[in-house]
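First the structure, in the form of structure tokens, and then the observations on it.
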Amino acid sequence: MPKIPFRIILLISLLALLIVGIQIGALTIAFEKLDLTRDSALLLLITIMAGSMINLPLFSIRSERPDPEKMPLQLRELYHSIPYTGRTLVMANVGGCVAPSAFCFYLMSHHPMNLFKIAAAVSAVALLSYKLSRSIPGIGLGMPVFLAPLLAALLSVSLDPLNAAPMAFISGTLGVLIGADLMHFPEIRKMGVPFASIGGAGSFDGIFISGIVAVLLT
């Protein structure tokens, strides 16, 4: 194999460091808006990142084998590499579902927010997420990343300007969790996946990302 020039390696390394720095900076701004101390924010971030590797089994259901011909070409090979058993194990991802949801209830208990306004914002984001998300046979659910947090931010600023940041995180997180994951639960049987994890890819899943992006937009 041809050797990669040192300058290219250095450039890629610097670019990676820049991306990480931007992401950490964005998270810092978001956590500051949520009135978290540095230690609390670090603990939450570590919990979410570590929890992204943990899926808690809930129950299993019978599922149907999907038609590979209906899958996008780039996903057919991936599906054939996944063993199909005729059942789908439903799990909850700690980093992408449990921890962000628990943090939402923490925010509710520590900020003077109106529960009816929270319910309205969560319901609106959930409905949008349900409409935007689509099932991918043999793979799971997918949806655009930024539309749900944008709506969460707009609603939060309009309904409760003084508590816009925590409301944005709550509506962005719970709205996507309910709309994109839970409301599509009946479709899991038709996906033919060996397991379905509520919270998906953990800390990088759309649920947590939606909450953070919504906070940054307020």
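Tabulated values for the structure
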quantity: Condition met for Lys70 (at pLDDT 80 or above and either out of contact with any Cys (no Cβ under 9 Å at 6 or more places or on another chain) or surrounded by 12 or more Cβ atoms within 10 Å (Cβ to Cβ) (or both)); calculated: no
quantity: Single match in Ser101, Ser158 (criterion: within 19 Å of Leu36 (Cβ to Cβ) and modelled with pLDDT of 90 or more); calculated: Ser101
quantity: Any chance Ser129 is of a type in the set (S, T, N, Q), more than 23 Å from Pro57 (Cβ to Cβ) and at pLDDT below 90; calculated: yes
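The values are calculated or read from the model by the stated rules, or taken from the named source; none is laboratory data. Since the structure is predicted, the reported quantities are computational estimates derived from the model, not experimental observations. Here the Cβ is made from the backbone with ideal geometry for all residues, glycine too, and neighbour counts use every protein chain on show.
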